[in-house]
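To start, the structure itself, in structure tokens.
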Amino acid sequence: MYATSSWALLYSGICGFGIWEDGSRKSIFSLSISSFAIFMINYVVAILTFRGAGSFIGPSQTTILFVFTFILNPLLILFWFCSQMVICFVMLVVNRWAIGSLLLTAMFFIASQFMLYGVSERICEGLNHYADGLLFCTLGFMFCLMMLYKYWEIITFDDDEYYRNTQVVPGMGSEKETSEYC
């Protein structure tokens, strides 16, 4: 599920460049098919790892599962983050609110992962095994998703609250957006 979410984020980030129409039937169909394929690949790798399907993959050879979980998925998220920063700075607008919410999204995501993988054991021992880092990881990830939603709300040009510090870059975006907000 983590890989599918990471892929869907990257896919939506690429849609912002106008390579294909966002929300079209073709776009939604290709997102669904590619997300299902990513899910199945990760599922098969996990099953083959835990069942010991061959000499290169098994319970004692978890390198492929490690690469899929801890290297490819963060790379997808990093590429999405970079694409959104390009969109914020270059493509459509220079919007301090969007950049701030994107940076807060990254901060909460990094903090949630640190709580899960970095200090979970210390938290568990400190709280007498009543809670561990997963609780704080979930809270941090919830804040991450809230800021991600706020970022998408800001960049859709549907809310006048964030136009104070927005500068439309001439020649970018649709003519309607450029003329309406300049």
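The values are calculated or read from the model by the stated rules, or taken from the named source; none is laboratory data. The structure presented is a predicted model; accordingly, all values stated were derived computationally and were not measured. Please note: Cβ atoms are built from the backbone with ideal geometry, for glycine as well, and neighbour counts cover all protein chains shown.
Structure summary
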{"quantity": "Failed item in (1) in contact with a strand residue (DSSP E or B) (Cβ under 9 Å, 6 or more places away or on another chain); (2) in a helix (DSSP H, G or I); (3) over 29 Å from Cys144 (Cα atoms), with Ser55 passing the rest", "calculated": "(2)"}
{"quantity": "Criterion violated by Asn95 - all others in (1) under 22 Å from Gly13 (Cα atoms); (2) out of contact with any strand residue (DSSP E or B) (no Cβ under 6 Å at 6 or more places or on another chain); (3) of a type outside the set (Gly, Ala, Ser) satisfied", "calculated": "(2)"}
{"quantity": "Selected residue (only one of Phe50, Phe39 is surrounded by 15 or more Cβ atoms within 10 Å (Cβ to Cβ) and assigned by TED's automatic domain parsing to the domain that holds Ala8)", "calculated": "Phe39"}
{"quantity": "Some residue of region 80-89 being at pLDDT 90 or above, closer than 28 Å to Thr156 by Cβ and not hydrophobic (A, V, I, L, M, F, W, C)", "calculated": "yes"}
{"quantity": "In region 1-37, residue modelled with the highest pLDDT [restricted to those that are assigned to a loop (DSSP other than H, G, I, E, B) and more than 24 Å from Pro74 (Cβ to Cβ)]", "calculated": "Ser24"}
{"quantity": "Pairs where the first residue, in region 121-145, is on the phi < 0 side of the Ramachandran plot and outside any helix (DSSP H, G or I) and the second is surrounded by 12 or more Cβ atoms within 10 Å (Cβ to Cβ) and not aliphatic (A, V, I, L, M), C-beta under 6 Å, 6+ apart", "calculated": "Asp132/Ser120; Asp132/Cys124"}
{"quantity": "Filter result for Leu135 (surrounded by fewer than 18 Cβ atoms within 10 Å (Cβ to Cβ), modelled with pLDDT of 95 or more, aliphatic (A, V, I, L, M) and not assigned by TED's automatic domain parsing to the domain that holds Cys15)", "calculated": "no"}
